[in-house]
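Let me begin by presenting the structure, written as structure tokens, before commenting on it.
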Amino acid sequence: MVVIILSAVLMLIFQCAVSEVVDDFSECSDFFLDNQPPQIPGVLERGESQNHYKTICQRFNNVYTFATLYDTTSKIPVFSAYRYSGKGNFTRNKDLKNQNWTTESQLQDNEQAADDDYKNNTLNVNRGHLFPCSHAKDLDTAKSTFTLTNAVPQKVRFNSGSWARMENFTKHLMDSHCRDNNNKVSAYVLTGAVPGDETLNNRVNIPKMMWTAFCCYNSKNQSWFSKAHLAPNEDEDVKDKNKTILTESLKNLQDELKNTWVKGLKLFNEKCLMGGCGSGVRVGWPLIAGLAVQFLVCSWARH
């Protein structure tokens, strides 16, 4: 009887969160602008992963929720791609308080991180979402982000400090500037990590840099809008509650990643590169002031 019950529970969990390691992103291309994944020479070319990289269509309750390119050597994701359409009606402290982290059933244990890798570590890192649950459109999507194929070892106070403030600021930017022709919030987001020289538990790479970028259409201005952020994965002073991450243009981020990571990289298409008016706004500013500056700078750029 115990075996039967356990099997039923495991079957239910498996049905809820079943991702797919696929040959390319064609099954979940909706998470990319114009169905076009990034071009990363030697890593992801023409939508197909190269060498030791795996393309994953993340799924929950039989619905695709986002996409991930995973590095089975470093055992961290290269990036996760998702569509932002406004935050759903849930709270992390209440609805996701006891959410467990999962692994990818189609990858071997030696190809991915395990929950034990993060336990009792002395490097002051924890599981850092690439697709943050705070950007999820509903509770199921939020739950689906708790897979270790969507996480990297992130310095604890960086994760809960300037990076978290940036995620919140970016959410408000997209809520304000990303409106489709039906006036609904809609943006395409890519968040990734650049491998570093340290490892967690002698297995999992600790990224030296983390980056994120979004692109969307602004129906009010009838133009494309994009922003980006890049920051070192470094611990922060617990007393520094206002540490900021500079908001950059997509072009600046792409150029920096080309120079320091992979030459020839292309995150979004050209219309997004033209949509980066107004760089240099700091996330640590009061939100209203930050959005006001964004509006003024973009307005000036259009005249």
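The values are calculated or read from the model by the stated rules, or taken from the named source; none is laboratory data. These numbers come from a predicted model, not from an experiment. A quick note on method: Cβ atoms are made from the backbone with ideal geometry, for glycine too, and the neighbour counts reach across all protein chains shown. Surface areas here come from the heavy atoms of the whole protein model, side chains and all, with no ligands, DNA or RNA. Shrake-Rupley method; radii C 1.70, N 1.55, O 1.52, S 1.80 Å.
Each residue of segment 198-210 was assigned a 3J(HN,Hα) from its phi angle through the Karplus curve 6.51 cos²θ - 1.76 cosθ + 1.60 (θ = phi - 60°); the sequence is 9, 10, 9, 6, 6, 9, 9, 5, 9, x, 8, 9, 10 Hz, with glycine and proline shown as x. Calculate how many DSSP beta bridges within segment 128-226 are antiparallel, expressed in % of all such bridges and rounded to the nearest 5. Antiparallel bridges: around 95 percent, rounded to the nearest 5. All C-alpha to C-alpha distances of segment 131-272, sorted into 5 Å bins beginning at zero, yield P(r) values of 2, 9, 17, 20, 21, 17, 10, 4, 1, 0, 0 percent in whole numbers. With both labels modelled 7 Å from their Cα along Cα-to-Cβ, the Asp116 to Gln39 distance reads 4.4 nm. Around the amide H of Glu198, modelled in the peptide plane, lie the amide H atoms of Ile206, all under 5 Å away and 5 or more residues distant in sequence or on another chain.
Highest mean packing comes first when the peptides 232-245, 87-100, 187-200 are listed by Cβ atoms within 10 Å, giving 187-200, 232-245, 87-100. Label separation (Val63 vs Lys94): 2.0 nm, computed from points 7 Å beyond Cα along the C-beta direction.
For segment 60-100 versus segment 111-129, the spacing of their alpha-carbon centroids is 17 Å. The H on the amide N of Ser223, modeled in the peptide plane, is under 5 Å from the matching H of Asn218, each at least 5 residues off or on a different chain.
Among the listed pairs Lys171/Lys271; Lys143/Lys241; Lys155/Lys184, those with a Cα-Cα distance over 24 Å are Lys143/Lys241; Lys155/Lys184. Here the 3J(HN,Hα) profile of segment 164-169, calculated from phi with Karplus coefficients 6.51, -1.76 and 1.60 at θ = phi - 60°, is 5, 5, 5, 4, 5, 5 Hz, Gly and Pro shown as x.
Near Ala187, once Lys and Arg are set to +1 and Asp and Glu to -1 for all other residues with Cβ below 11 Å from its Cβ, the sum equals +3.
The modelled label-to-label distance for the pair Asn168/Asp255, using points 7 Å beyond Cα in the direction of Cβ, is 3.2 nm.
Cross-linked pairs Lys54/Lys263; Lys208/Lys243; Lys87/Lys263: Cα-Cα separations exceed 25 Å for Lys87/Lys263. Just to confirm the filter: which trypsin sites (Lys or Arg not before Pro) across segment 136-223 are DSSP coil and have at most 12 other Cβ within 10 angstrom of their Cβ? Answer by residue number: Lys184, Lys220.
Considering all different alpha carbon pairs of segment 78-175, the Kirkwood hydrodynamic radius works out to 14.4 Å. A probe of 1.4 angstrom, applied to the heavy atoms of all protein chains, finds Cys133 with accessible area near 10 square angstrom. Placing +1 on the Cβ of every Lys and Arg and -1 on the Cβ of every Asp and Glu, with nothing else charged, gives segment 117-180 a dipole about its Cα centre of roughly 260 debye.
Note on Asp23 and Asn201: with the Förster distance fixed at 35 Å, the Cβ-Cβ geometry gives a FRET efficiency of about 0.70.
Based on C-alpha pairs under 8 angstrom that are at least 6 apart in sequence, segment 140-207 has a relative contact order of 30 percent. Annotation: amide H of Glu236 within the under-5 Å range of Arg157, Phe158, sequence separation 5 or more or interchain, hydrogens built in the peptide plane.
Taking all Cα pairs closer than 8 Å and separated by 6 or more residues, the relative contact order of segment 169-243 comes to 26 percent.
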